[in-house]
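First up is the structure itself, then whatever we jot down about it.
The values are calculated or read from the model by the stated rules, or taken from the named source; none is laboratory data. On a predicted model such as this, the values are computed, not experimentally measured, just so you know. A quick note on method: Cβ atoms are made from the backbone with ideal geometry, for glycine too, and the neighbour counts reach across all protein chains shown. Accessible surface is based on the protein model in full, side chains and every heavy atom, while ligands, DNA and RNA are left aside. Shrake-Rupley method; radii C 1.70, N 1.55, O 1.52, S 1.80 Å.
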Amino acid sequence: MLRAAGVGVGDEVVVPAFGNVEVAEAVAMAGALPVFADIDPATYCLEPAAVKGAVTARTAAIVVVHRFGRPADIGPLHALGRRHGLLVLEHGETEAPYDEIAQRRERAAFLDTKLRGVRTPAGGVGHTYQQYVVRVPGNGRPDRDAFARAVRAKGIDCDIPVRTPVHRLPGFRRCVSLPETERAADETLALPVEATLTKREMQRIVSACNALGGLLAPAL
């Protein structure tokens, strides 16, 4: 899509650093330079003001990535694109059937009300909970990694969604200030929220997390 729009050598494309490297790789394959902007800490998607600050005379496009089932705040980004004559592309996630989304939302609502000691995700309109991502804020010990190990030891599957932001990977390393991206990479943890989970399994997730939650700073 970038190539078809004429984006290439000498152009810059604003992308998030929080997420998979494929978007930055696609920009580089088109011959353009990926420029990283910070994320909104609630949506984990590009933050419009940060994108505005990353736009230069060489910017040709913005690639917006919807993250974890939470849509990006796309309106201000399209407005920014119109003002500067920029192409705005959206990179979505695989759509799940409506019934599955409804069940994920049910399980997310259960976790929202039961979990303690972690910061539960901001819901928002249209959230499909592709992943249920909580924050385990650093508070000495345990931190996110220690929390994840302890939860796994209790038989609960959990994942670190983004361990290393793209701007810190070889080949894309940049000296750029992305505080929300760095914080999210250090604190986020994806807990199970699949539609197939039973009530008993959901209660086990809550029990495993809450047994550790008392060691952490209270959720904000």
Charge dipole (debye, nearest 20) of the chain; +1 at Cβ of Lys and Arg, -1 at Cβ of Asp and Glu: 580 debye
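What FRET efficiency comes out for Arg149 versus Ile74 if R0 is 41 angstrom and r is the Cβ-Cβ distance? Round to the nearest 0.05. Could the numbers behind the result be given before it?
On the way: r = 37 Å, r/R0 = 0.89.
After rounding, the FRET efficiency stands at 0.65.
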Relative contact order [Cα under 8 Å, 6+ residues apart], the chain, whole percent: 22 percent
Over the chain, the sum of -39500 (n - 2.57) across DSSP H runs of at least four, divided by residue number and rounded to 500 deg cm²/dmol, gives at 222 nm -10500 deg cm²/dmol
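Take Tyr98, Tyr44 and sort them by solvent-accessible surface of the protein heavy atoms, 1.4 Å probe, largest at the top. Spell out each step's value before the answer.
Values: Tyr98 165, Tyr44 15 Å².
Correct descending sequence by accessible area is Tyr98, Tyr44.
Which of rounded, prolate, oblate describes the range 76-150, given a ≥ b ≥ c as roots of the alpha-carbon gyration tensor eigenvalues and a/c under 1.5 marking rounded, otherwise prolate only if a/b is larger than b/c?
Details: a/c = 2.75, a/b = 1.51, b/c = 1.82.
Judged from the Cα gyration tensor, the range 76-150 comes out oblate (a/c at least 1.5, b/c at or above a/b).
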What are the semi-axes of the equivalent ellipsoid for the chain, taken as the square roots of 5 times the Cα gyration tensor eigenvalues, largest first, in whole Å? 34, 19, 14
Of Ala42, His66, Gly138, farthest towards positive along the dipole that unit charges on Lys, Arg, Asp, Glu beta carbons give the chain: Gly138
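Pulled fully out, how much extra length does the chain show between Glu25 and Ala195, if you take 0.36 nm times their separation in residues and subtract their Cα-Cα distance? Don't jump to the answer; show the numbers that get you there.
Working: separation 170, 0.36 × 170 = 61.20 nm, distance 3.25 nm.
Extra length available between Glu25 and Ala195 comes to 57.9 nm.
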Cα convex hull volume per residue for the range 1-126 (Å³): 113 Å³
Ranking by accessible area, most exposed first, for Met1, Met202, Met29 with a 1.4 Å probe: Met1, Met29, Met202
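Solvent-accessible area per residue for the range 46-149 at a 1.4 Å probe radius, Å²? Write down the numbers at each step before the final one.
Numbers: 5280 Å² over 104 residues.
Computed with neighbouring chains in place, this is 51 Å² per residue.
How much of the DSSP bridge set in the chain is antiparallel, in percent, rounded to the nearest 5? Before the final figure, lay out each step's value.
Numbers: 8 of 21 bridges.
If we restrict to bridges inside the chain, about 40 percent are antiparallel.
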Interchain or long-range residues, amide H under 5 Å from Glu90's placed H: Val64
Derived scalar couplings ³J(HN,Hα) [the range 149-159; Karplus, 6.51 cos²θ - 1.76 cosθ + 1.60; whole Hz; x for Gly, Pro]: 4, 5, 5, 5, 5, 8, x, 9, 7, 8, 10
Across the range 170-183, in residue order, what do the Karplus-derived ³J(HN,Hα) couplings come to in whole Hz, using 6.51 cos²θ - 1.76 cosθ + 1.60 with θ = phi - 60° and x for Gly and Pro? x, x, 10, 4, 9, 8, 9, 8, 10, x, 6, 5, 5, 5
